[in-house]
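These notes concern the structure reproduced below.
The values are calculated or read from the model by the stated rules, or taken from the named source; none is laboratory data. A quick note: this is a predicted structure, and the numbers were derived from the prediction, not measured. Don't worry about glycine lacking a Cβ; one is built from the backbone with ideal geometry, like all the others, and counts go over all protein chains shown.
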Amino acid sequence: MSECDCSSHSGPVDLMPLEEALDLLLSHARTVDETELIPITDALGRVLARPVTSGITMPPWDNSAMDGYAVNTSDLKQAGNRLPVSQRIPAGVSGAPLLAGTAARIFTGAPIPENADAVVVQEVCEQDGEHVIIHRLPSAGDNIRCAGEDTREGEAVLSSGIRIAPQHMGLLASVGVSQVNVYRRLKVALFSSGDELVMPGRPLGPGQIYNSNEFTLAGLLEAIGCELVKLGIVKDTFGATCEALSNAANQADLVMTSGGVSVGEEDHIKPAVERLGSLDLWKIAIRPGKPLAFGHIGDVPFIGTPGNPVSLFVTYCLFARPFILKAQGVTESLAPRAVAAKIDFDWPQPDKRREFARARLDLDGQGEAWVSVHRSRSSGVLSSLAWANGLAVLPENQPLVKGDVVKFLPFSELLR
């Protein structure tokens, strides 16, 4: 694999550990104050602002888990018993009390009639005119869903601070909740700085490139439910940059940019943020994505990610994402859940920084998980992210050989 990231030759002097940088960043995250009442049909991905309690018991009565026959087990002495069918109970109908010595034809979800204590599945029964022959003896309680086994009236069903997923929407509906209080969406303003940038669809001139970072960053932010304020491409001047940052801060809860925070003559974001507020630049002991900028424009937080597309992606996943989730009101764990998997390569020359390599996790013929890494380590190879399905965490200063186990961070954990 190629190693054309020249920054890899720098040592770890004055580099901040990842955990310290993340703790510092999160200490500045403030949850939005405003909430709104929305229908549960619009709640997917939103953060619950108040806990939800059930106003009903679910299920409200014992009901059948299967299609079959409701019986009283005391009426069945041996397999092959033949009982008259005294009634038919479909879902949505309450039957009469079960007569002694009879069975009731019953369907999934229908209330269990009084005096019945089991449901015999229809697959072990034989219909014989107005009777049923039961070929397998049931035990009391078989195939009965008891009242309240899901939720009980007054019981908390969802706590505040969770991001509402499809299963949460179903649970809310099951207890009759039609509206929920959620935090309003976090507004994030972003713009691109650079006279070399061109929007896709337009022809490229000499020295120009397409503005891919804006689309990557916008997609990452939309995936976690942010409301975007897109300010486009800003001219590469100090005045235009100050104006854009001030405009962004007036409209948003967070301002994000990529690149432009170094000390070059054409890098205006750093001095502009310092003019309008304050800025810290951290060199973090990770690869890619060593530089990260955090500060404030007035009292609005600012996060500046590196300009290289892979570095932008990694620093977003490791730092900006948890910051934004906390600001959205999420109280669940902000750390992505890692998978342990074996590597299918040797890593004899580890970096002095912890590396988050673009990687793929696949299962072999025996169902065992193996991780492979992209051939390039360059932070400019955007296609490597499209190839990968996660990031392999390669420890600093630790050579590895094929078969060693590392942590793998699936994109399914990092991009939601």
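Of the residues that sit in the stretch 307-330 and are farther than 16 Å from R416 by Cβ and among the hydroxyl-bearing types (S, T, Y), which one is nearest to the chain's Cα centre (by Cα)?
T315
It is to be established whether one or more residues within the stretch 272-286 are touching a helix residue (DSSP H, G or I) at 6+ places or on another chain (Cβ under 9 Å) and assigned to a loop (DSSP other than H, G, I, E, B).
Yes, because at least one residue in the stretch 272-286 is touching a helix residue (DSSP H, G or I) at 6+ places or on another chain (Cβ under 9 Å) and assigned to a loop (DSSP other than H, G, I, E, B).
Tell me yes or no: at least one residue of the stretch 180-197 is among the polar types (S, T, N, Q) and out of contact with any strand residue (DSSP E or B) (no Cβ under 6 Å at 6 or more places or on another chain).
Checked against the condition, which is being among the polar types (S, T, N, Q) and out of contact with any strand residue (DSSP E or B) (no Cβ under 6 Å at 6 or more places or on another chain), the stretch 180-197 yields no hits at all.
Report yes if I303 is touching a residue at least 40 places away in the same chain (Cβ under 8 Å) and part of a strand (DSSP E or B), otherwise no.
yes
Go over the candidates L361, L292, L334 one by one and state the one that is within 19 Å of the chain's Cα centre (by Cα) and either basic (K, R) or modelled with pLDDT under 95 (or both).
L334
Residue by residue, here is whether (1) surrounded by 15 or more Cβ atoms within 10 Å (Cβ to Cβ); (2) in a strand (DSSP E or B); (3) not small (G, A, S) holds:
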residue: L44; (1), (2), (3): no, no, yes
residue: S86; (1), (2), (3): yes, yes, no
residue: G92; (1), (2), (3): no, no, no
residue: G95; (1), (2), (3): yes, no, no
residue: G101; (1), (2), (3): no, no, no
residue: E123; (1), (2), (3): no, no, yes
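Output the residues belonging to the stretch 128-141 that are crowded, with 18+ Cβ neighbours inside 10 Å and within 30 Å of I56 (Cα to Cα).
none
Working carefully through the options A369, A335, find the one that is without any contact (Cβ under 8 Å) to a residue 40 or more places away in the chain, among the aliphatic types (A, V, I, L, M) and under 30 Å from R184 (Cα atoms).
A335
Working only within the stretch 171-214, note down all residues that are buried (at least 19 other Cβ atoms within 10 Å of the Cβ), modelled with pLDDT of 95 or more and among the small types (G, A, S).
Selection gives A189 alone.
Any idea which residue in the stretch 46-84 is surrounded by the most Cβ atoms within 10 Å (Cβ to Cβ), counting only those that are in the same structural domain as I162 (by TED's automatic domain parsing) and of a type in the set (K, R)?
Checked the stretch 46-84; the qualifying residue surrounded by the most Cβ atoms within 10 Å (Cβ to Cβ) is R46.
Return the residues of the stretch 215-268 that are modelled with pLDDT of 90 or more, among the charged types (D, E, K, R) and more than 24 Å from D280 (Cβ to Cβ); say none if nothing qualifies.
Hits for the stretch 215-268 are E222, E227, K230.
Just one of V255, V310 is in contact with a strand residue (DSSP E or B) (Cβ under 6 Å, 6 or more places away or on another chain) and in contact (Cβ under 8 Å) with a residue 24 or more places away in the chain; which is it?
V255
Which one is farthest from A248 (Cα to Cα) among residues in the stretch 287-328 that are touching a helix residue (DSSP H, G or I) at 6+ places or on another chain (Cβ under 6 Å) and hydroxyl-bearing (S, T, Y)?
Y316
For the stretch 139-248, list the strands (runs of 3 or more DSSP E) that sit wholly inside it and hold at least 1 residues that are within 28 Å of the chain's Cα centre (by Cα) and at positive phi; which are they?
Passing ranges, in order: 227-234.
Of all residues in the stretch 392-414, count the ones that are surrounded by 14 or more Cβ atoms within 10 Å (Cβ to Cβ) and under 12 Å from R337 (Cα atoms).
So the answer is 7.
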